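Coordinate-derived values only; no laboratory data. It should be emphasised that the depicted structure is a prediction, and the values quoted were computed from it without experimental measurement. Cβ sites come from the backbone with ideal geometry, for glycine too, and all protein chains shown count toward neighbours.
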Amino acid sequence: MTVLERRDFVLQHADVNPVYAYRVAMQLSKSKSPATSEAVHKIISDKPKPFVKWVGGKRQLLKQFKEEGLYPPDAFNPLTNTYFEPFVGGGAVFFDLLPKKAVLSDYNAELVATYNIIKKDPEALIEVLQGGYYIYDKERFLEIRALPKERELSDLETAARFIYLNRTCFNGMYRVNKSGYFNVPFGAYTNPMICDAENIRKVAVSLKGVTIKNQGYEKVLDKAVKGDFIYFDPPYHPVSDTASFTSYTADGFTGKNQIELRDTFFELHKRGCFVMLSNSDTEFINSIYGELKSESIVINKVSAGRAINSNSAKRGKVQEVLVTNY
């Protein structure tokens, strides 16, 4: 069987996206055993998942994207082209696709340091997280949350702190104040899993050969070429004056930034890249991307869950936009 034939075999026997099916096909090719449904499902059972909770993460929406034919682009070939995910956050789309070649980036330096530590030294991270210091306790949480104010942290310490705070803070939110300090309160859980060692090891394997950078999307995408696939999941434009949640960095993400990102979307479109972008369904976002409709760029509407409101009655389904050029 060729890799393409193996990919088709995978798609016949498992409900996965075509990009990930290529990865499974390549793993089957390396195996001396024949391609069987059992072999396919064994590989899939070892697939990693995002190692952090992330507000606005796309895990819940990927099935909808796929069923509506919005994702991934049919013509994207992960064997010859590269997947880019600026604003990677929890990386739900990356971990769903698991392409052979990828460039991940984010403005959040602590998040990027965590990705890189998992990639380079997962066992050291597991050892630190399981060492007895990172326990679920409010006083310890406040102590660890304040660490950067007291001393410089190594990348390993940064990664351990990042995962610990994510697992123990309120709803897994990441928010900083204007001085750049993490300020999310302690979360109420029952014995949260702080160190998922098995998944950290799987994530480390999936990141081999992946480039991970703490850079703005503009510089990262300088190298994107025709046929590459870019997914943008920026801080969303607020749906009201009181609903803004863009403080993943101290600088925030303004309307001007949204327009600059729109212009980058269009530039990538002109290069022949496949581009997909998520954002809130506001008049502003519909307006700035609506200007590109004559260029075969489509604003799709999708239904997403909202789970970060402190009032449970105000949680539920909201409409988002998914902008695509394919």
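Each Lys and Arg Cβ is given +1 and each Asp and Glu Cβ -1; about its Cα centre, segment 112-200 then shows a dipole of about 480 debye.
Calculated FRET efficiency, Arg271 to Ser303, Cβ-Cβ distance, R0 = 35 Å: about 0.65 to the nearest 0.05. Here, P(r) means the percent of Cα pairs in each 10 Å bin from 0 to the largest distance; for segment 123-264 it is 9, 31, 33, 23, 4, 0.
When both segment 107-125 and segment 127-185 are represented by their alpha-carbon centers, they are found 14 Å apart. Bridgeable lysines around Lys317 (alpha carbons under 29 Å apart, same-chain partners fewer than 8 residues away excluded): Lys47, Lys49, Lys53, Lys58, Lys63, Lys66, Lys256, Lys293, Lys301.
Recomputing mean projected area of the Cα convex hull in nm² from the coordinates shown identifies the correct label among [x] 15.6; [y] 18.3; [z] 17.5 as [z]. Here each label is just a point 7 Å from Cα along the line to Cβ, and for Thr36 and Glu198 those points are 2.3 nm apart.
Pairs of lysines in segment 72-209 whose Cα atoms sit within less than 16 Å of one another amount to 10, provided the residues are eight or more positions apart or on different chains. By the beta-carbon count within 10 Å of each Cβ, the least crowded to most crowded order of Ser240, Ser105, fewest first, is Ser240, Ser105. Would you give the gap between the C-alpha center of segment 8-28 and the C-alpha center of segment 216-236, rounded to a whole Å? Going from one Cα centre to the other spans 25 Å. One way to sum up the overall shape of segment 96-136 is the equivalent ellipsoid from its Cα gyration tensor, whose semi-axes run 25, 13, 9 Å, largest first.
Between amide H atoms placed 1.01 Å from N, distances below 5 Å from Gly187 occur with Cys169, Phe170, all of them 5 or more places distant or on a separate chain.
Pairwise alpha-carbon distances in segment 1-80 exceed 17 Å for 51% of all pairs. Spin-label model, Lys63/Val318: points 7 Å from Cα along the beta carbon direction are separated by 2.2 nm.
Looking at the chain alone, DSSP beta bridges between its own residues are antiparallel in about 55 percent of cases.
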